[in-house]
Amino acid sequence: MRIVVNAVAARMGGATTHLPNFLQTAGRRYPGDLFIACVNRSWQAPALPGNVHLVRTDDLRGRLAHAAWDQWGISRVAARERADVLVSLLNFGPARPRIPHIVFERNPVYFCDYYLRGLHGRRALEIKATRALAHAVMRGARRVVTPSAAMRDMIRAFYPDLPPERFRVVPHGFGLDAFRTKAPLPERAADAIAGSKGVKLLYVSHAASYKGVEILLETARALRYLGVPSTTWLTVAKEDWPEGFQKYEAFIAEHRLEDQVRLLGRIPHGAVHRLYEAADLFVHPSLCESFSFPLVEAMASGLPVIAADRPLNREMCGDAASFYPPEDALALASEITRLRDDPGRRARMVADGQLLAQRFSWDTHVDEVMAVVADAVA
């Protein structure tokens, strides 16, 4: 088959983890098929198999440029390449495709109540319009792939007209050997975590309003009040969300949390395993996710996980994690304290998590995606 892959919007977060692993694995496992991947000009491609060809686009600036690409640009590429099927990896594609279309829906903010309740005015209208466009794309697609049942259920709560048989749940993959590279931790990050005291808490995430960073800042304050020595490491960066990052800095300064909270900035994916190896607990306060690579990375790295009690976190971690009521910083601080003082429970969580993480494989992910492709074409 000739498969066109629409991945122009892959720039940050889970998309930059998924895309290279997907293309490398698909090319390796399906040498008889041709994969034509449309990516943005700035994407740094790894070594790819010979049956994976890249089509680089100009830098698409703004929603209108991306919408024009998804509705017309990608269709022109598919026609030129005589594609048998189009796979859009990032939420959008043509609403009226000329060939079988499979769309991956993986951005939860269009459907997440915790995020939507805080929107007002222009931003609320933008999200509503974007969600309507995603709906139109899903209505025109042969199959809609979500990385979790939680994401599928969020979508269908908004759009029950979409038939359940159109959806396929295909979790993303993970490979521990590829994850543990020889790359060192950047010097600035190593300096930032030096001298950390007490229980070392890690949260790997970019800055966004729904990621729950504010909860961790409140938790650091609560732990200090409870007399529990701790240091929280956050991989957030100013370039992710300048307005929000400034609020983090202001909160830390106001409550004198410089020793308890370390802002590390962006960490190259090849080096982030160094943080998992150095931490004591992984905390996951995010309120809106379709899938969480850091949860899998933490479990595979042997870190006990404490997560907000949300459907996605339950689906991914099961009994291998401890849960607390979302947005309750004091409850999170109490759970951190209990887990710190219970080495037997931590050991059980580590064993369960490492076993659970083995379920996530890039080979399995690609095989399931290709099964969806074959089904859609047939």
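The values are calculated or read from the model by the stated rules, or taken from the named source; none is laboratory data. From a predicted model like this one, the values you see are computed outputs, not experimental measurements. Here the Cβ is made from the backbone with ideal geometry for all residues, glycine too, and neighbour counts use every protein chain on show. Heads up: the accessible areas ignore ligands, DNA and RNA and are worked out on the full protein's heavy atoms, side chains in. Shrake-Rupley method; radii C 1.70, N 1.55, O 1.52, S 1.80 Å.
Points worth noting:
- Spacing of the modelled spin labels on L125 and D342, each 7 Å from Cα toward Cβ, amounts to 5.1 nm.
- Distant-in-sequence amide contacts of T232, defined by a placed amide H-H separation under 5 Å and a gap of 5 or more residues or a different chain, comprise L201, V261, R262.
- Length gained on full extension, A271 to A178, computed as 0.36 nm times the residue gap minus the Cα-Cα distance: 32.4 nm.
- Calculated FRET value between A149 and L355, using beta carbons and R₀ = 22 Å, to 0.05: 0.60
- Principal semi-axes of the equivalent ellipsoid, √(5λ) from the alpha carbon gyration tensor of segment 126-212, are 39, 18, 12 Å from largest down.
- Value of relative contact order over segment 235-321, rounded to a whole percent, pairs C-alpha under 8 Å and six or more apart: 24
- At R0 = 22 Å, FRET efficiency that the Cβ-Cβ distance of R139 and A378 yields, to 0.05: 0.60
- Set of lysines near K200 by C-alpha distance (under 21 Å), chain-local residues within fewer than 8 positions excluded: K211
- Descending semi-axes in Å of segment 162-271, equivalent ellipsoid built from Cα gyration tensor: 29, 20, 15
- The modelled label-to-label distance between Y225 and A371, using points 7 Å beyond Cα along the C-beta direction, is 5.0 nm.
- For segment 207-338, the Kirkwood estimate of the hydrodynamic radius, built from every pair of different alpha carbons, is 15.1 Å.
- Accessible area of segment 249-378 divided out per residue, in Å², using a probe of 1.4 angstrom: 40
- In this rough spin-label picture, where each label sits 7 Å from Cα along the Cβ direction, the E249-R61 distance is 2.6 nm.
- Taking the convex hull of the alpha carbon positions in segment 50-118 and averaging its projected area over all directions gives 6.2 nm².
- FRET efficiency, E214 to L54 (Cβ-Cβ, R0 41 Å, nearest 0.05): 0.55
- Using the average count of surrounding beta-carbon atoms within 10 Å as a protection proxy, the listed peptides 81-91, 333-343, 51-61 rank, highest first, as 81-91, 333-343, 51-61.
- From the C-alpha gyration tensor of the chain, square roots of 5λ in Å: 36, 22, 20
- Computed packing ranks the peptides 28-38, 190-200 as 28-38, 190-200, most packed first, by mean other Cβ atoms within 10 Å.
- Size descriptor for segment 1-129, Kirkwood hydrodynamic radius: 15.6 Å (Cα pairs only, one decimal).
- Helix content alone sets the calculated 222 nm mean residue ellipticity of the chain: runs of n ≥ 4 DSSP H residues at -39500 (n - 2.57) each, divided across all residues, give -13000 deg cm²/dmol.
- Full extension of the segment from R166 to D191, taken as 0.36 nm per residue of separation minus the current Cα-Cα distance, would add 4.1 nm.
- Expressed as a whole percent, the accessible area of the chain that falls on carbon and sulfur atoms is 51 (1.4 Å probe).
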